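**Q** Before anything else, here's the structure in question.
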Amino acid sequence: DTGVSQDPRHKITKRGQNVTFRCDPISEHNRLYWYRQTLGQGPEFLTYFQNEAQLEKSRLLSDRFSAERPKGSFSTLEIQRTEQGDSAMYLCASSPDVFQGGIADTQYFGPGTRLTVL
Amino acid sequence: AQTVTQSQPEMSVQEAETVTLSCTYDTSESDYYLFWYKQPPSRQMILVIRQEAYKQQNATENRFSVNFQKAAKSFSLKISDSQLGDAAMYFCACSARQLTFGSGTQLTVLP
């Protein structure tokens, strides 16, 4: 079991550019989550997938953000026209769906992608 | 909607001593989990301990234990025999469909 991996680990971009992050969950975990964490704060939920279906999106996920999980395995998070306020750590987590669409079991986190928008 | 409150931004403990981190939560869900996660500096979030809300018995994991008071919506973490490697930011979290985190408690372990 290799754990949740994220790529890249660090991304520096200029305001207005598009960026894309990738997350590979633990194999056979059918739930995948994206969170955003700013310095000194707890992670905030962005969105989650059950297999390839995106089931919930936070109001934090503006229309510049889009997430996909095309085959129910890895996921990508794209931010278009980045703004300085997008600078944060983007965390991915995965969990098994023990309760068939009910409450979420333990989530295992990746190392995160730190985004800096200049 | 869920909220999680950690009222202690910073705590310190002497090595080998015991420390308790506080957490209160609010949720409208009848089924949920509670978690404590640890995040060392520049390192990834690691699960410390979890508690199923329907279980009355408090969870324990080696030196880590919780005091779960469901009626009071309180979920504190006790770390016994503190070690230098326990120094980290600790987050309390409540899970129905997704995790809601508190703002964290920075724990310093003094040698």
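**Q** Does at least one position in region B:42-63 carry a residue that is surrounded by 20 or more Cβ atoms within 10 Å (Cβ to Cβ), at pLDDT 95 or above and away from chain A (no Cβ under 14 Å)?
**A** No, region B:42-63 has no match at all.
**Q** Just wondering, is there one or more residues in region A:69-85 that are touching an Asp or Glu at 6+ places or on another chain (Cβ under 8 Å), of a type outside the set (S, T, Y) and within 11 Å of another protein chain (Cβ to nearest Cβ)?
**A** no
**Q** Considering only region A:48-65, state which residues are surrounded by 16 or more Cβ atoms within 10 Å (Cβ to Cβ) and modelled with pLDDT of 95 or more.
**A** Within region A:48-65, just A:F65 meets the criteria.
**Q** Name the residues in region A:1-45 that are surrounded by fewer than 21 Cβ atoms within 10 Å (Cβ to Cβ) and of a type in the set (K, R), would you?
**A** A:R9, A:K11, A:K14, A:R15, A:R22
**Q** Checking A:E56 against (1) closer than 22 Å to B:Q39 by Cβ; (2) free of Cβ contacts under 8 Å to residues at least 12 places away in the same chain; (3) touching a strand residue (DSSP E or B) at 6+ places or on another chain (Cβ under 6 Å), which single condition isn't satisfied?
**A** (1)
**Q** Further question: Being on the phi > 0 side of the Ramachandran plot and exposed (fewer than 13 other Cβ atoms within 10 Å of the Cβ) is the filter here; which residues of region B:69-96 pass it?
**A** Of everything in region B:69-96, just one residue is on the phi > 0 side of the Ramachandran plot and exposed (fewer than 13 other Cβ atoms within 10 Å of the Cβ), namely B:D81.
**Q** Here's another thing I want to ask about it. Hey, can you tell me all the residues within region B:26-38 that are more than 11 Å from chain A (Cβ to nearest Cβ) and in contact with a Ser or Thr (Cβ under 7 Å, 6 or more places away or on another chain)?
**A** Passing the criteria: only B:D26.
**Q** Taking region B:15-25 only, how many residues are β-branched (V, I, T) and within 12 Å of chain A (Cβ to nearest Cβ)?
**A** Residues of region B:15-25 β-branched (V, I, T): B:18-20, B:24.
Those left that are additionally within 12 Å of chain A (Cβ to nearest Cβ): none.
Number satisfying all stated conditions: 0.
**Q** Which is surrounded by 14 or more Cβ atoms within 10 Å (Cβ to Cβ), over 21 Å from A:E44 (Cα atoms) and in contact with a Gly (Cβ under 9 Å, 6 or more places away or on another chain), of B:V66, B:V109?
**A** On the way: B:V66 fails: in contact with a Gly (Cβ under 9 Å, 6 or more places away or on another chain).
Unique residue meeting the criteria: B:V109.
**Q** Which ones in region A:6-52 are within 30 Å of B:S7 (Cβ to Cβ) and either more than 14 Å from every other protein chain (Cβ to nearest Cβ) or outside any loop (DSSP other than H, G, I, E, B) (or both)? I'd like the intermediate steps shown before the answer.
**A** Taking region A:6-52 as the starting set, the residues that turn out to be within 30 Å of B:S7 (Cβ to Cβ) are A:33-48.
Across region A:6-52, the qualifying residues are A:Y33, A:W34, A:Y35, A:R36, A:Q37, A:E44, A:F45, A:L46, A:T47, A:Y48.
**Q** Take region B:23-65 and flag every residue that is among the β-branched types (V, I, T) and out of contact with any Cys (no Cβ under 9 Å at 6 or more places or on another chain).
**A** Initially, region B:23-65 is screened for residues among the β-branched types (V, I, T), giving B:24, B:27, B:46, B:48-49, B:60.
Scanning region B:23-65 gives B:I46, B:V48, B:I49, B:T60.
**Q** Shifting gears a bit: Across region B:88-107, what is the number of residues that are among the small types (G, A, S), at the interface with another protein chain (Cβ under 7 Å from one of its Cβ atoms) and farther than 14 Å from A:L39 by Cα? Full working, then the answer.
**A** Looking only at region B:88-107, we keep the residues that are among the small types (G, A, S), and these are B:88, B:93, B:95-96, B:102-104.
Okay, now just the ones that are also at the interface with another protein chain (Cβ under 7 Å from one of its Cβ atoms), so B:95-96, B:102-104.
From what's left, farther than 14 Å from A:L39 by Cα: B:95-96.
So the count comes out to 2.
The values are calculated or read from the model by the stated rules, or taken from the named source; none is laboratory data. What you see is a predicted model, and the numbers here were worked out from it, not measured in a lab. Every residue, glycine among them, receives a Cβ derived from its backbone with ideal geometry; neighbour counts consider all protein chains shown.
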